[in-house]
Each structure stands twice: as structure tokens, then as C-alpha cells.
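Working notes, beginning with the structure itself.
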């Protein structure tokens, strides 16, 4: 199997001020092309350390993908390393990338300065893959079997995520063509409502019986639940990858039922959007402790305006009463963190916006504000439609931000089940 | 300088399904203790690869911190490697961790099964640092100068972020005491409103004149702007680290003015919260394209209920008109993405909630929905108080989610400047 290493460069990652998200994006896309990622390594903006790390990875992997260490504030350390490794004896200006730089900067109303022009200047023995979305091009260096004991290719991509992602499809296409790869089949089944350990117990017999060429990965995420990723490797039988996976999915559906909310990696907001679109229905949210996160998640999906009307974030009691119309008596008698309050909030926002469905939350995210009856981590969720209103409660034991995420995901899952039930 | 490497273990990171956030948290905390992180490396759940990676890092660094590869679904591969590296010849049950496991599970209403008890079982030559917030303890192995040519310590932490973060302070304290470290002084100056490259040009003379023992890092973030982190290393003069930094800050303030919104790393929502609290004032938001993200950011700060009253996410025109009271004539004449509309939204939400301040947004996040006059990436922001209402527009060229983040951060910065102006 073709293997790859990812080298991320940046002092800002080593001091922990930014999280390396590029590696995950690259790993996912390269992995889909059928390449196994062996290792991800991060080093600082130091020429010697970058060089050492790249050489070590080239000795072990067929492909090494480097991001970062380019651009004016980095002194272009990566480019210098590529110059040396490729055995170049000069730089050449890449006309195609230079034209892109002119186009990008002029569309931003900026002049092209020497510092910008230099980004199109590459070591003469590097192959250039122009980057239409960014000013820094991709540079590639191929090595025959002599230098590292096997054929290897080194790619250097920009470190700015937006520019890196713009360049990535062309790099994947290049890898496919050089290494003659066909794609690996993956299928990601999304589940909500069962914790990872309980899920692992529940499906252990199914998991043990999986054929050897189907691999399973558990991928828990506070906003998505637990994703189960099935991958088919080296299928030499007479049935297609899709058929092999479908056979396993049939038994999995019997075990997990409606805890499965998607069989193709879609998120809860995407699934809810599809359900609402197919019914021609609309939704609104009334949020207290979740502070707008549910609305924010629903509107992260392109085209959400087709079914999402709006939200009232009623943090203050006065907003619950005056805007959502929660009766003062309910707040007095039951408190704001109660079944009665979220029911009134859910009904209130439906009246206000005219939406077909609504979901409401009220809970205690912490760190303060907990009481004996409503401890930190407790949330009440209400869902409402013309058919009626239902409420339920959930408990978590996390910090404030994680609690808010769990509250929001649980509310979205409750809404999904409510819409399906009709 | 004491050096460290971080080894993250997990197939799920190598296939790109989760982003390794643990490394950034560890790097930040260990870095604050005065340790330089040399390298971060991620390998899969494979005993041999974990062993090789750990040994290689122990050869180069004084400290190696491993996260992940523990727990039932991972077959405890990391524990097996620690067993071998420590030269243990058996496992022992750690009574303190076992008691914690009982306490945590019973507080969740769960029984303690054999699989849970086993988490307190550790290789006999490992030192245990009990983990009060998680079921997996920290295991440490010390090596004298013989094995790796220098004294070294290996720590194994759980991979679940919440459990890892719970254990981290005790690990940092252990490192400080073993390596006799005093803290490095860092100061993080937060700026908004100048892009990284323009900022770098604007402060280049100041940066060049920094004394050799003060280092500067640029840390751009779509939600925070660009952070400038100043660190004092090996200060042997007669003035304190704080005095050295303060002297540099004085000139920096003269250059950047009110683009600096914090000198201690606080975020925009935190700074706004402090400003409002000190004035005893309240705020509300009216959001269209930002879909609730501004409210969500404001409420991510503990204690936000002291000054945040609520938000109306008015995605549909009907909600803008019926809930916020935007006159239908404004939408007809100027459209929803207009100065007039965000002004009416900002005033409307202030009337509705009775807040002292408000901020409103309306723009085009994309990917679709752009027109010649209101292209994708354009946002109008309105801010309002009893003193009046102001509007302004911003343009970005990103994808949907990044545009929503930029829109929200720009609106928060506009609100901050508006509050300061009074």
C-alpha cells in the first residue's frame, strides 16, 4: 500500500497557539485516494530541523507532504530546503503562478510588490503545480529509487488553510496519477444517543464478525455523536466494495435502529435540513443556555434559508417572557430550567416565527449557576409542532463549552427524531 | 533549555477524522513552564510504531509526553509499550486510581466492571500520577543518563481531551519539580483590524529593534484577529521580565493604537464582557447571515448573563419585519443586505430587549446568493445605543464557514470600538 507522511511546519503550532487543522484535511483527502498515512510530524521554522524531518520521512514513506514554512514572515525556510533537496542551482520565475498572483491581488485592490512576485519564484528543479486560490504555488520534487531506497515524491503546500485546501485537489490528482491509485471505498455511519463505550459493547459481536478486508474506526465527536467508518481494503472477491459494505450495514441497522441518523457522513444539521426540505417544512429555535449555537449549527449548512426562519436567544428572563411569551407564572412556579419553561419557549417561538417545527433549550452550562435540582450539566429540551409539544432532559459532566456543544447536539437529535416521527 | 516532544496516538487522527487538539493544549501549558517543544508526532494504534516513535523522541528530548492509545477500544497499546520500556515484570493495581474510578462511575450511576478496574492496573515500574477527572491514570517512567545518553522522563496521558486536561496540571507540576524550572514570561497582545502581512510591515522597525532575549510570534485567528506573543527568555539583566515587556508595549501601543484590544490574551467576547460589566450596561444582537454565532461567542464567556440579554436570529425576512420591526419599505427599497436594514435591525433588537447596546449583521456568506452589488463575502454591520446608530461594511473572500466567522469577529470588534467611544 502506498504510504505518506505529513510534515507541518510552524513555531505557532509548537507553542500551542494554533491547532494544526491542515493535517486532518490532508490525511482525509489523501486517505480517500487509497494512501495510508504513516505519521504526522510537526517541527518549528528552522531550516535544519525541517530538512532532517523531511529526509527522515522520505526514507520511510512514498509520499511526503509539507505544509507551511513559506511566505515573507517565515523567510521561506521550506523553499530553501526544497532548493537543497532537489539539487537546484538557481531559481526560476513561474509565469503561470505570477499571473495568478497578479489576478488575486488586483481583485483585492492591492499592488503586486516584490515580496509578492517572489512567491512565484521556485527552485529550478522543482515541478510547479499552480495554485489558483493562493499566491504560493505547490512545489514537487521526485526522487528515483537511489536516494532513499525507493521512489518517493515530496510536495510543498502553503500553510494558510484556505490556500492549502485550494491546492489540495490538484495534489491528490497528481498522487493518483504517479502512483496509479484507485480509490478506497469508505462509508461513514453516523450515530447519536449511545456513548462510545456502550456502542462498542453493543456492536462487539457484529464487529468481531466483520470480514478481514473491512476495517472499522470509531470517531466520537461532541457535535456529531459517534461516527463508525467502514473501509474496504484490497477487495479481490467478485462482489463490489459497495455490496460488501451494504451487507454489513443491514445487520448494523438491526442493532442500532434510529440511533443511526446518516449512512454517508452527513451531520445532524444536514440531515435535519434534508428532512425539512423533503417535507417542505420550516423550523425555528428558542435558546437559553445554548446561546445561539443551535441556530449557528443549522445555518452552517448552505441553503439553510430554505427552511430555517430564525431563532430567539432568550438569555434574560425578560426576553423569555416578553419576546417568546413564556407566562411569568411558569418561571415563578417551575423555574427557567424546567420542562414547562422549554415547552412554553418552543411553542412561543413557533407562534412568533410561524415555523412548522421548533426546538428550545434551557439548562445550566456552568461553571457556576448550578443548584441541587438543576446541577451544572443539566439541560431541558423541548420540541414542538402542530401535532404537539414534547420535552426531555439530558445530563452531562463537562466544562462550559463542551456542555453547550452537548446540549446543542442533543437538542438537534431530539428535533431529528421528532420530525421523523411526524 | 529543557526540551520536550509530544507523541499523539490514534488511527482516527491519521485518517483525518479528528483534529489533534490535545497537542496544542499540552504545548501551551508545557511551554509556559519554560520547556521548548521540539516536535509533535502522530502515529497509529500500532505497538511497534508507538514504541519506535517514543524511543526516537526520548533520544532527542528531555521529556516525552504521550497521549492516547489507552482504553478498551484501543487494546491499551500504550500501556504495553510502557511495560516494556520501563522493564516491568508485572502489573500492580493502583489503589488511589481505583477509588477514583469507583467514584466517577458511581456518580454517573454506572457499575464498575472488570474493564474499568483494569484502567487502574499499571506496569509495576511506572510511577502513577492519579487522574482525578478521568478513569485512566497518568503513568511516568524516568530514565537515567545511560539508556538515551541523557536523563529523560516519559509521561503517558489519556487521549480523551477532557481527561487529558484534567491530568495536565499535575504533570506540569511534576515536570517543574524534576527539571527545576521557573516559568517563562509571556504576554499576548491581541489586535483586530489589520491583516497579518500589513501588521508585519507596520511593526517591522519595532520588531527589528526588539532585544535579543524577547521573542515575537504572530498568531492569526479568524475569530481573534492577530495575536502578538512576546516571550522573555534567559533574562539576566537587572530589570524584571515584566518591565522589559512593558517597555516594548509602550512603543507598540503608539504604533497600533485602538487596533490593540487586549494586552493579556483576552478574546473579543471577554473584552466586551468586561467593558459592559464595568459600565453596568447590557447588549443584545440581531443576526442574519451570522446565524447566531455572535450570540454564541458572547455566551461562551462564563457570567455572560450579567450583560447579555438575548438575540434575534432573523434569517427570514418575515422575522426581520415581524419580530425586529424592520419596516417593509426598507427591505423593498434597499434590500436586506444594506446599511438601512442593519440599522433598523440594531434599533429593533434594542427596542425589543431593552438592552443598552446592540449589534446587527446582514450579509452574504455564500456559496450562493451573491449579486453584483452584494457579492459573497460582503457584510453590513450595525451598532446602536441611546447615543445613536452606526453602520459599516466589510468584505472577505472565504468559504461559507470562514466568512461567517470573519463577519462575526468584525461585528464584535465594531461593537467594542462603539462601546469604548461611548
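The values are calculated or read from the model by the stated rules, or taken from the named source; none is laboratory data. From a predicted model like this one, the values you see are computed outputs, not experimental measurements. Neighbour counts are summed over all protein chains in view; Cβ atoms, including those assigned to glycine, are modelled from backbone coordinates with ideal geometry.
Please work out if residue A:153 is more than 20 Å from residue A:121 (Cα to Cα), buried (at least 18 other Cβ atoms within 10 Å of the Cβ) and either touching a residue at least 12 places away in the same chain (Cβ under 8 Å) or within 22 Å of the chain's Cα centre (by Cα) (or both).
Yes.
Can you name the residue in the stretch A:211-230 that is at pLDDT below 85 and under 16 Å from residue A:192 (Cβ atoms) and is also surrounded by the fewest Cβ atoms within 10 Å (Cβ to Cβ) among such residues?
A:221
Looking only at the stretch B:337-358, decide whether some residue is surrounded by 17 or more Cβ atoms within 10 Å (Cβ to Cβ), on the phi < 0 side of the Ramachandran plot, assigned to a strand (DSSP E or B) and within 35 Å of the chain's Cα centre (by Cα).
yes
Do we find a residue being more than 20 Å from the chain's Cα centre (by Cα) and more than 14 Å from every other protein chain (Cβ to nearest Cβ) anywhere in the stretch B:185-192?
no
Got a sec? Which of B:209, B:217 is in contact with a helix residue (DSSP H, G or I) (Cβ under 8 Å, 6 or more places away or on another chain) and free of Cβ contacts under 8 Å to residues at least 40 places away in the same chain?
B:217
Any residue at all in the stretch A:156-169 that's over 28 Å from residue A:3 (Cβ atoms) and either under 23 Å from the mean Cα position of the chain (by Cα) or crowded, with 16+ Cβ neighbours inside 10 Å (or both)?
no
Only one residue in B:26, B:54, B:37, B:13 is more than 9 Å from chain A (Cβ to nearest Cβ), touching a strand residue (DSSP E or B) at 6+ places or on another chain (Cβ under 8 Å) and surrounded by 21 or more Cβ atoms within 10 Å (Cβ to Cβ), so which one is that?
Answer to the check: B:54.
Matching residues to (1) in contact with a strand residue (DSSP E or B) (Cβ under 6 Å, 6 or more places away or on another chain); (2) closer than 19 Å to residue B:419 by Cα:
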{"site": "B:317", "(1), (2)": "no, no"}
{"site": "B:320", "(1), (2)": "yes, no"}
{"site": "B:343", "(1), (2)": "yes, yes"}
{"site": "B:350", "(1), (2)": "yes, yes"}
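Of the conditions (1) out of contact with any helix residue (DSSP H, G or I) (no Cβ under 6 Å at 6 or more places or on another chain); (2) at pLDDT 95 or above, residue A:233 fails just one. Which one is it?
(2)
For the stretch A:354-372, what are the residues that are without any contact (Cβ under 8 Å) to a residue 12 or more places away in the chain and farther than 24 Å from residue B:298 by Cα?
Within the stretch A:354-372, A:372 is the sole residue that qualifies.
Could you check the stretch A:239-284 and list, in sequence order, the residues that are under 16 Å from residue A:227 (Cα atoms) and exposed (fewer than 13 other Cβ atoms within 10 Å of the Cβ)?
A:257, A:264
Filter the stretch A:133-150 for residues that are part of a loop (DSSP other than H, G, I, E, B) and surrounded by 20 or more Cβ atoms within 10 Å (Cβ to Cβ); which is modelled with the highest pLDDT?
A:137
Return the pairs, sorted by first residue and then second, in which the second residue is part of a helix (DSSP H, G or I), the first residue lies in the stretch A:329-353 and is touching a residue at least 60 places away in the same chain (Cβ under 8 Å), the beta carbons are less than 7 Å apart, and the residues are 6+ apart or on different chains.
A:353/B:319
Out of (1) surrounded by fewer than 20 Cβ atoms within 10 Å (Cβ to Cβ); (2) modelled with pLDDT under 90; (3) under 30 Å from the mean Cα position of the chain (by Cα), what's the single condition that is false for residue B:106?
(3)
Provide a single number: the residues in the stretch B:307-327 that are farther than 18 Å from residue A:350 by Cα, facing another protein chain (nearest Cβ under 7 Å) and surrounded by fewer than 23 Cβ atoms within 10 Å (Cβ to Cβ).
The qualifying residues number 0.
Looking at the stretch A:403-422 only, could you name the residues that are free of Cβ contacts under 8 Å to residues at least 40 places away in the same chain and either in contact with a helix residue (DSSP H, G or I) (Cβ under 6 Å, 6 or more places away or on another chain) or outside any helix (DSSP H, G or I) (or both)?
Residue satisfying the conditions is A:422 alone.
Could you grab me the full set of residues in the stretch A:375-400 that are within 12 Å of chain B (Cβ to nearest Cβ), free of Cβ contacts under 8 Å to residues at least 24 places away in the same chain and either in a helix (DSSP H, G or I) or within 19 Å of residue A:340 (Cα to Cα) (or both)?
Answer for the stretch A:375-400, where residues must be within 12 Å of chain B (Cβ to nearest Cβ), free of Cβ contacts under 8 Å to residues at least 24 places away in the same chain and either in a helix (DSSP H, G or I) or within 19 Å of residue A:340 (Cα to Cα) (or both): A:375, A:395.
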